[in-house]
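Here the structure is laid out as structure tokens; the discussion comes afterwards.
The values are calculated or read from the model by the stated rules, or taken from the named source; none is laboratory data. Owing to the predicted nature of the structure, the values given are computational and were not obtained by experimental measurement. Cβ atoms come from the backbone with ideal geometry, glycine included; neighbour counts cover every protein chain shown. Each accessible area value is taken on the protein alone, full model and side chains, heavy atoms only, with ligands, DNA and RNA left out. Shrake-Rupley method; radii C 1.70, N 1.55, O 1.52, S 1.80 Å.
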Amino acid sequence: MPPDPKAGAPAVKRAPSFFSYLVKGSAARLEAPDLLRLRSEAEGGPREDGSALPPLPPQTLNKCGLAPPGRAPAACPGRSGSGAGGTGAGVTAAPPPAAAAAARGRVSRVLLPICFLCGVLNYLDRTNLNFAALQLNADLGFTPTDYGLGAGFFSLGYGVAHVPSAFMTMRYGARWWYSSITVAWGVVATCGAVIRSRAGLCLQRFFLGVTEAGAIPSALFLIAQFYPKNMLTKPYTAVTLANVLSVVIAAPLAAGLMSLDGVGGLRGWEWLFIIEGIPSVLLGFAMMALVPSHPLSAWMLSVEEREALHVTVHGGRARAEAALSPVVWGQLAGLIADACRKPLIWFFSLTGFLWVLCVFSLNSWMAIIIKNMLAGTALTGSTSSGGSSAVNTLHATLLSAIPYFCAGLAMVANAWSANRLRERTLHVALPCIFGGVVLACFEPLYRAAFVAGFVVIVIAISSAYSGQSVMFARVADLLDTEHAGVGLAIFNAVGAAGGGFAGPWIVGAFVQRRGSFVQAMVFMGMFLLAAGLLLAGYALLFEQRPRWQAARARAAAKAGAGAA
């Protein structure tokens, strides 16, 4: 009888379908952290440190597709060991770079669009108060100080919950925590429609800050699990660009939703909160199904691709195996202490605090400032609503999109330049210096013409935001993958809890006391300038100066060699 051609055919491993990931997700998640250990045992080789691997039952290997029934475990492509097809040396070779690059490309097509969309909705729900205030402040009788205090309470909750929320992502994985907080902030954002007092405004904004606190660190930590450190700037731009472009979408959307004023007995600002909160809830549930927490649980990759990407990101198999140990609550204090022992974390947190004092304040008051400019009350007689003109409300809302659109372009260009020149700190510092000086000159330019005053705002926002993703990448560069989530959370928390809370309230106090935005604009400009000067000083003294000295030494050595 002729042999069955299918009998000895090698099994072809395919990337699991999304449906099987959804149905068998629990088992896959339990087994995913063991993939490297399982693969190494299937090949019969030890770990890189030479220690023996504990025995694993055959059924576990079979579930992972590492030892199909009736067949000896096959060696993984690009590796050698004492298993089938191995050399017997027991040495594990590094995965081929092409395999990791291909895997990263497939993951990027799923992960980055989701992170981008989540970032858009995150900032949409965060900034909708800025537009709602054009009606809400007048309806509820909020003074500039009331509004500034309420806006600042968001940052207070955001800062307080930032580190714990980031740790929850590290502990339980982005798939569950990131998606859960997305649902939670959508619900809290919708509750903005029931605000009726200053206390209600402060509570709603505080809890919105608490639920949104983990969004950016979760996204940055998630991305750090799929990209090596030297490749983080571009994917981080997907997160920060979403934050900026969301306001471009938010402005015309807010104008349309507030035009529903009176429909169903609701005011336009109430419709704004209700309708903009619902998409976040829906996206959160979708993320529970779609988002992998790390390469070893990426449903769109084959077993070999998951392993290759995981090892590449961690810079070696020993580190990759160490990273599989789950983080426990007892480690939180240690991770925080490790991150806090890095002096540069505190230096960059200080510059971030100054940056936030300016940017969060300008974000919170942007639409109100523009409406006062349109009404001619930006220099004298300024109010928290900018007057009662419905036309000015519409125009101020739409004009608010322009600075953020320009900021998005500036962010992409700056990230490209930083990547190309392999320099980050000055790419943050120089735009901040320029933007701060221009913002402090608001009064004389606005007196000259409305357009000139508006251009000041466009330049300030574009300059400030252009270096945001570069700054995140610069801070992440100080940390290993294990500490990235907590370190970035500390950096964000210092700025948000301090600058984000104090900034909008101080601007409100200036406006209420002086009846003008002039002093507030100078205040914001000076803090942005201070952040830029600190970063520029550090870059010149500790980054550029050693390079110049090394270049001079090389030139002198070359000249000496030529003379000899």
Exercise. What nm distance separates the two modelled labels at Val522 and Met231, each placed 7 Å from Cα along Cα→Cβ?
Worked result: 5.0
Exercise. Roughly speaking, what is the centre-to-centre gap between segment 495-564 and segment 349-372 when only Cα atoms are used, to the nearest Å?
Worked result: 17
Seminar exercise, completed: With label points set 7 Å from each Cα along the Cα-to-Cβ direction at Arg513 and Ala390, the distance between them in nm comes to 3.8
Problem set entry | Residue-normalised accessible area of segment 155-263, expressed per residue, 1.4 Å probe, Å² | 30
Problem set entry | Largest to smallest accessible area among Asp480, Asp146 [probe 1.4 Å] | Asp480, Asp146
Seminar exercise, completed: Nearest-0.05 FRET efficiency for Val110 and Val328 at R0 = 30 Å, using Cβ-Cβ distance, is 0.55
For this session: Hand me the trypsin sites (Lys or Arg not before Pro) from segment 316-409 located in a DSSP loop with no more than 15 other Cβ atoms within 10 Å, in residue order please.
Result: Arg341
Exercise. Using modelled backbone amide H atoms (1.01 Å from N, in-plane), which distant-in-sequence or interchain residues come within less than 5 Å of Ser302's amide H?
Worked result: Ala15
Exercise. Full extension from Val451 to Ile278: what is 0.36 nm times the residue separation minus their Cα-Cα distance, to one decimal in nm?
Worked result: 58.6 nm
Seminar exercise, completed: For segment 415-453, listing trypsin sites (Lys or Arg not before Pro) in a DSSP loop whose Cβ sees at most 10 other Cβ atoms within 10 Å gives Arg422
Seminar exercise, completed: Checking rank on 261-267, 215-221, with mean other Cβ inside 10 Å and highest first, the result is 215-221, 261-267
Exercise. Between Ala318 and Ala286, what length comes free when the chain is fully extended (0.36 nm per residue of separation minus the Cα-Cα distance, one decimal in nm)?
Worked result: 8.1 nm
Seminar exercise, completed: Here the gain from full extension of Val187 to Asp477, 0.36 nm per residue of separation minus their alpha-carbon distance, amounts to 100.9 nm
